[in-house]
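The values are calculated or read from the model by the stated rules, or taken from the named source; none is laboratory data. What you are looking at is a predicted structure, and each value in this text was computed from that prediction instead of being measured. Cβ atoms come from the backbone with ideal geometry, glycine included; neighbour counts cover every protein chain shown. Surface areas here come from the heavy atoms of the whole protein model, side chains and all, with no ligands, DNA or RNA. Shrake-Rupley method; radii C 1.70, N 1.55, O 1.52, S 1.80 Å.
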Amino acid sequence: MTNNKPGLFILRLFASIIGTVIIAFGIVFSRLANMGIDPATAADVGVSNTFHWHLGNYQLAFNALLFLVILCFDRTQFGIGTIINMSLPGYIVAYFTPKFGAINDHWFGDVSYSGGILLFIIGMLLFSFGIGVYTSTNLGVSPYDSVAPLFDKNKWASYRVTRSIQDLSFFIISLIFNGPLGIGTLVIATLTGYIVQYWRQLFKKITRKLAFQ
């Protein structure tokens, strides 16, 4: 491949979009499994359902507010990938969850316990794979993912402590607003980081060859 910078940017942009779409479909499969989803999305679903707001609109508004707050302290983490990730997932999840749910009900009926586990595993793998793809493009991270690095960078609190408090806070919000929590939420919170790390290491080798970095 020739070192064509505009071409490489378009490829990175495409990868960022694809990664974000994969994240959204991972959430869709996890919701259909009825075993719980990640705390942040569970909170978004709970709040939007409670106030009868469209999930995509609420998620976009919340991300925009958080984006403006983080922007006051750090602009280095944001890019066009940030806009993609803060705007697309909510609409994709809101549109495809009932569509896929209807297909599943028509062809398979109620999801069995083993079927739910399979759906959840597929969802978690897609979710972590999508995160690995979109973050590896280095085009910016979502406002939610930028909080912990900001605190760590300014030595206000470590990344691990900040991320744990962040996830716990959204877990509590999910409980208050009856978000789709479950054992899967704990599994996602525990394992996703390790799976994403694996994907990122793999993509790092690939992106070096493509001169993404």
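Being under 17 Å from Tyr95 (Cα atoms) and β-branched (Val, Ile, Thr), is that true of even one residue in segment 58-70? Spell out the reasoning first.
As a first pass, look at segment 58-70 and keep what is under 17 Å from Tyr95 (Cα atoms): 58-60.
Add one more test, that the residue is β-branched (Val, Ile, Thr), and what stays is none.
No; the residues of segment 58-70 include none that is under 17 Å from Tyr95 (Cα atoms) and β-branched (Val, Ile, Thr).
Name the helices (runs of 4 or more DSSP H) wholly within segment 16-109 that hold at least 1 residues that are farther than 18 Å from Leu181 by Cβ, open to solvent by less than 40 Å² (accessible area, probe 1.4 Å) and modelled with pLDDT under 90?
Numbers: elements: 39-50, 55-71, 80-107.
Qualifying helices (runs of 4 or more DSSP H): 80-107.
Within segment 130-167, the set of residues being open to solvent by 60 Å² or more (accessible area, probe 1.4 Å) and either in contact (Cβ under 8 Å) with a residue 60 or more places away in the chain or touching a strand residue (DSSP E or B) at 6+ places or on another chain (Cβ under 6 Å) (or both) comprises Asn138, Lys153, Asn154. Screening Ile10 on (1) at pLDDT 90 or above; (2) surrounded by fewer than 14 Cβ atoms within 10 Å (Cβ to Cβ); (3) of a type in the set (A, V, I, L, M, F, W, C) shows it passes everything except condition (1).
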